[in-house]
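Student: Structure incoming, see below.
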Number of protein chains: 2
Amino acid sequence: MFNKDTYIKRRQNLVNNVQSKGILLFFGNIENPVNFEDNTYHFRQDSTFLYYFGIQQPKLAAIIDLDENKSIVFGNEMSIDEIVWMGRQETLKDKCEKSGVLDVRPYADLATYLATALSVKRPIHYLPPYQSVNKILLSELLQISLGDFKASVAMIQAIVKQREIKESQEIEQIESALKVSTQMHLLAMQMARPGAKEYEIVSAIEHVAGSHNCELAYPSIVTVNGGILHNHYKMNTLESGRLLLNDSGCETSMGYASDLTRTYPVDKTFTSEQRDLYNIVLNSFEGAKAELKAGVKYKNVHLKACEILAQGLIDFGLMKGNAQDAVANHAHTMFFQCGLGHMMGLDVHDMEDLGEQYVGYTAEEPKDTKQFGIKSLRLGKELKAGHVLTVEPGIYFIPELIEMWQAENKYAEFINYEKLNKFKDFGGIRIEDNFLINNDGYKHLGPELIKTVTEIEDYKRQF
Amino acid sequence: MFNKDTYIKRRQNLVNNVQSKGILLFFGNIENPVNFEDNTYHFRQDSTFLYYFGIQQPKLAAIIDLDENKSIVFGNEMSIDEIVWMGRQETLKDKCEKSGVLDVRPYADLATYLATALSVKRPIHYLPPYQSVNKILLSELLQISLGDFKASVAMIQAIVKQREIKESQEIEQIESALKVSTQMHLLAMQMARPGAKEYEIVSAIEHVAGSHNCELAYPSIVTVNGGILHNHYKMNTLESGRLLLNDSGCETSMGYASDLTRTYPVDKTFTSEQRDLYNIVLNSFEGAKAELKAGVKYKNVHLKACEILAQGLIDFGLMKGNAQDAVANHAHTMFFQCGLGHMMGLDVHDMEDLGEQYVGYTAEEPKDTKQFGIKSLRLGKELKAGHVLTVEPGIYFIPELIEMWQAENKYAEFINYEKLNKFKDFGGIRIEDNFLINNDGYKHLGPELIKTVTEIEDYKRQF
């Protein structure tokens, strides 16, 4: 936990920011069952609960009374039976004390507390529940059908406003996660050689995280088919002549994430085509990075990255025509189907549970939810000093998309389908780092992890 | 997957065994969210679904129509959007074909199918749901309040009768999990030295599992406080003079578990007291093992193990009086608070989601749910050839229990509290292996993992 004042101050700021009266309701997470009730996945506290209360214990809830400006945590102390089976641990009372909460009540009291509030028609603000157990709980506590939840926009907006600006101690956490993740990536590069299995590398880099007492921030993507964007299949054998894409990061024990991607040859050196395509992505990465600054709209950084990709692909011969026109017509989405990046913090996609529209966009400029490509851009709004985000351009060859669009003759003026068909099985390339936005530009977070062709080849030659 | 005939035959046997008419309803599991909807824990299919259908894919359901003797799987094929993001995979239709199911329908059709069945009052049998998402689904599909589920005893009993007798191909899976788990344990023994952190060992042995493409069968317990039975805290530093307890096992990619425990010194050798107490547990283990045989009640094997423990503790001076009397009076539960073992298969506590009463006991001799000690024995009934189970006696020193019972003067005629107080911080010892029951006795499953004092000391001296 951070120190007590951190949590007291965060809650006070929230009370000041919420443009409403009533009660803010927070649910912690539980230990989720795998294949029966008592065999559970590792416990991960809800990020908003962590941010305002800092307590890592299953089955907690909390309220902040906006009118009386007070916080209550609801949860149970261990019974003697539980102490026998699980060992004496710090009491909930002590944990709450460290969070500056002095009013701690049994979990069962939450129901009566909320029933009283409902009976006098006090507004009860809550966030969109994502775990089914909390959906059930919310439904029971507030007498709302499961399909009828109405999360509080006032609460969401106030929380986003606060959580999106990272404190220096949060930046330290993220950089500490990045130190470990950098080691994960160097080990993967070292292990990438013909004959290795994807899952062996997945397991080895997860061990790097675990040996630093870190969990993964998200399931690792370690794949020879980098064209598949969310590829958790890991049974392939690495073959000479192919690239390996590694998108993986860990989170600290306090929950702060890191999110890095590198792509490199299974062999010690890039082929000529791999090198050329890799450098297009690297140029896009560097070009996007140079745009980062408070006041700039991230959507424009995304478009800049797309244009550099398109120009590179035109020069390489996979695209044709004018790069700006190609991007304006979305033709680049044949190769770059997703967004340039997203916020990062206590979640790898920070606050995604609160709704992308509130985190990455504004009411004035809402998210485009229809147009292929841009609809997958999680962050479009103006950047502020204190934002932490990822930059992750890529080139992806997706056989199904190539076949479908070629059959439709889609973007024929911008795409060289004849040449493209030779790259159907190429895979994909992504380069990703994490940045802190400031008024002058940005700070690259974490250690510099090698990424040029020369750096990677020099490194790989050592093994 | 096993071959098609396996699943066809299993379903046919189930149809023959269920003493009822109507429809059997099976839910698969989903990918459970960690901290937001799209960031998920690793997918683990429901074990009963795996057993009868073998298909490892989230968001499936299935029915077996008992009256028409036919099976239907409900689930969706990937959309083109999903293929773009997640890659082309084997179609659901193909997977179902491998399971011998030719009737595959869209997931949404399950609702209409069940509504029709309800409208003509056909009995719909279902199992107790353990994942909240399936509780919600069941409630919506069958119009039952969340608190009012009535799982089908006929369905549970028929499934238990079938799943508790392991096929030879299932034994092979379990032995294959045990091969990997044995390596996990040898590595942990090697790493156990003063200065090491518990979490470093946890992570290293999980890497052994991962590098064989195995998941853990349950969260590893690797602790210097072995007296704490379910101890997932892993931040302690190993100190000279203490024991380390490692209870960990993996499951194969098909879902079959292994469950091993070893306890050994952080140093290369046991102290004299550690050796004496260790040998009491080992005697109990060997004594219990010798009792294993079809036709024997496991409750009696448990009591035999308790008596050996009690006699050893009397000889050692921590208990006094007569061992049989001590066990009859439950005085041994000061040291052995739990049960001797449990069924194992597709779940580490096999079929625990179906209810311990149905898996481990009979209507004639139900579980004692009140008496401290025996109430934690998951398996009490008569053993049959084909049962796979764990044997895991232990001695646990639990400071809170010692203090509480001493204050009550509980079991004073059997417990030497004066001496016991010197052992408050000793920790705990457990030895656990897995066995297949047969008509002549048992088969020890998996490689023999070293467990005598001499074997362990000889092994540890190598590092």
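Student: Residue under question is B:Glu400, and the condition is that it be of a type in the set (Asp, Glu), within 13 Å of another protein chain (Cβ to nearest Cβ) and more than 17 Å from B:Lys161 (Cβ to Cβ); does it hold?
Tutor: Details: of a type in the set (Asp, Glu): yes; within 13 Å of another protein chain (Cβ to nearest Cβ): yes; more than 17 Å from B:Lys161 (Cβ to Cβ): yes.
Yes, satisfied.
Student: If B:Asn29 meets every condition in (1) in contact with a helix residue (DSSP H, G or I) (Cβ under 7 Å, 6 or more places away or on another chain); (2) within 13 Å of chain A (Cβ to nearest Cβ); (3) under 23 Å from B:Tyr113 (Cα atoms) apart from one, which number is that one?
Tutor: So the condition that B:Asn29 fails would be (1).
Student: Would you point out the residue of the stretch B:32-52, among those that are closer than 12 Å to B:Gly255 by Cβ and not in a loop (DSSP other than H, G, I, E, B), that is nearest to the other protein chains (Cβ to nearest Cβ)?
Tutor: The residue in question is B:Ser47.
Condition check ((1) away from chain A (no Cβ under 13 Å); (2) under 25 Å from A:Asp148 (Cβ atoms); (3) surrounded by fewer than 20 Cβ atoms within 10 Å (Cβ to Cβ)) across all residues:
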position	(1), (2), (3)
B:Ala62	yes, no, no
B:Leu66	yes, no, no
B:Phe74	yes, no, no
B:Glu97	yes, no, yes
B:Tyr107	yes, yes, yes
B:Leu110	yes, yes, no
B:Tyr126	yes, no, no
B:Leu146	no, yes, yes
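Student: Another one. Name the residues in the stretch A:221-230 that are among the hydrophobic types (A, V, I, L, M, F, W, C) and either assigned to a helix (DSSP H, G or I) or more than 10 Å from every other protein chain (Cβ to nearest Cβ) (or both), would you? Write out each step before concluding.
Tutor: Within the stretch A:221-230, the subset among the hydrophobic types (A, V, I, L, M, F, W, C) is A:221-222, A:224, A:228-229.
Listed by number, the residues that qualify are A:Ile221, A:Val222, A:Val224.
Student: A follow-up question, please. When you scan the stretch A:231-243, how many residues do you find that are within 11 Å of chain B (Cβ to nearest Cβ) and out of contact with any helix residue (DSSP H, G or I) (no Cβ under 6 Å at 6 or more places or on another chain)?
Tutor: Adding up the residues that qualify gives 4.
Student: Separate question: Check B:Ile8, B:Ile55 and return the single one that is in the same structural domain as B:Glu140 (by TED's automatic domain parsing) and not in a helix (DSSP H, G or I). Walk me through it before giving the result.
Tutor: Details: B:Ile8 fails: not in a helix (DSSP H, G or I).
Unique residue meeting the criteria: B:Ile55.
Student: Starting from the stretch A:324-341, keep only residues that are at positive phi, then list their pairs with residues that are small (Gly, Ala, Ser) and surrounded by fewer than 21 Cβ atoms within 10 Å (Cβ to Cβ) whose Cβ atoms are within a distance under 7 Å, requiring at least 6 positions of separation or different chains.
Tutor: Here the result reads A:His330/A:Gly373, each pair linking the stretch A:324-341 to a residue that is small (Gly, Ala, Ser) and surrounded by fewer than 21 Cβ atoms within 10 Å (Cβ to Cβ).
Student: Another question, if that's okay. If the requirement is being buried (at least 16 other Cβ atoms within 10 Å of the Cβ) and more than 19 Å from the chain's Cα centre (by Cα), which of these qualifies: B:Gly446, B:Gly427? Write out each step before concluding.
Tutor: Working: B:Gly446 fails: more than 19 Å from the chain's Cα centre (by Cα).
Matching residue, one of B:Gly446, B:Gly427: B:Gly427.
Student: State the number of residues belonging to the stretch B:71-93 that are of a type outside the set (A, V, I, L, M, F, W, C) and assigned to a helix (DSSP H, G or I). Give the derivation first.
Tutor: From the stretch B:71-93, those of a type outside the set (A, V, I, L, M, F, W, C) are B:71, B:75-77, B:79, B:81-82, B:87-91, B:93; that's our starting set.
Narrowing further to those that are assigned to a helix (DSSP H, G or I): B:81-82, B:93.
The number of residues fulfilling the criteria is 3.
Student: For A:Gln19, all conditions in the list (1) assigned to a loop (DSSP other than H, G, I, E, B); (2) surrounded by 15 or more Cβ atoms within 10 Å (Cβ to Cβ); (3) at negative phi; (4) not aromatic (Phe, Trp, Tyr) hold save one; what is the number of the exception?
Tutor: (2)
Student: Being within 13 Å of another protein chain (Cβ to nearest Cβ) and either touching a strand residue (DSSP E or B) at 6+ places or on another chain (Cβ under 7 Å) or without any contact (Cβ under 8 Å) to a residue 12 or more places away in the chain (or both) is the filter here; which residues of the stretch A:149-181 pass it?
Tutor: Scanning the stretch A:149-181 gives a single hit, A:Val180.
Student: Right, another one. State which residue is farthest from the other protein chains (Cβ to nearest Cβ) when the search covers only the stretch A:203-220 and only residues that are among the small types (Gly, Ala, Ser) and surrounded by fewer than 21 Cβ atoms within 10 Å (Cβ to Cβ).
Tutor: So in the stretch A:203-220, the residues among the small types (Gly, Ala, Ser) come out as A:203-204, A:209-211, A:217, A:220.
From what is left, the residues that are surrounded by fewer than 21 Cβ atoms within 10 Å (Cβ to Cβ) are A:204, A:211.
Working: A:Ala204: 7, A:Ser211: 5 Å.
The selected residue is A:Ala204.
Student: If I filter the stretch B:33-47 down to residues being in contact (Cβ under 8 Å) with a residue 40 or more places away in the chain and surrounded by fewer than 23 Cβ atoms within 10 Å (Cβ to Cβ), which single residue comes out as nearest to A:Leu216 (Cα to Cα)?
Tutor: B:His42
Student: Only one of these is out of contact with any Gly (no Cβ under 8 Å at 6 or more places or on another chain), in the same structural domain as A:Val388 (by TED's automatic domain parsing) and under 30 Å from A:Gln157 (Cα atoms): A:Gly317, A:Gly360, A:Gly295. Name it. Before the answer, list the steps.
Tutor: Details: A:Gly317 fails: under 30 Å from A:Gln157 (Cα atoms); A:Gly360 fails: out of contact with any Gly (no Cβ under 8 Å at 6 or more places or on another chain).
Exactly one residue qualifies, and that residue is A:Gly295.
Student: I'd like the full set of residues that are more than 8 Å from every other protein chain (Cβ to nearest Cβ), crowded, with 24+ Cβ neighbours inside 10 Å and touching a Ser or Thr at 6+ places or on another chain (Cβ under 8 Å), limited to the stretch A:193-202. First the steps, then the outcome.
Tutor: Looking only at the stretch A:193-202, we keep the residues that are more than 8 Å from every other protein chain (Cβ to nearest Cβ), and these are A:193-196, A:198, A:201.
After this cut, where a residue has to be crowded, with 24+ Cβ neighbours inside 10 Å as well, the list is A:198, A:201.
Passing the criteria: only A:Glu198.
The values are calculated or read from the model by the stated rules, or taken from the named source; none is laboratory data. Note that this is a predicted model, so its numbers are computed, not measured. Note that each Cβ is placed from the backbone with ideal geometry, even for glycine, and that neighbours are counted across all protein chains shown.
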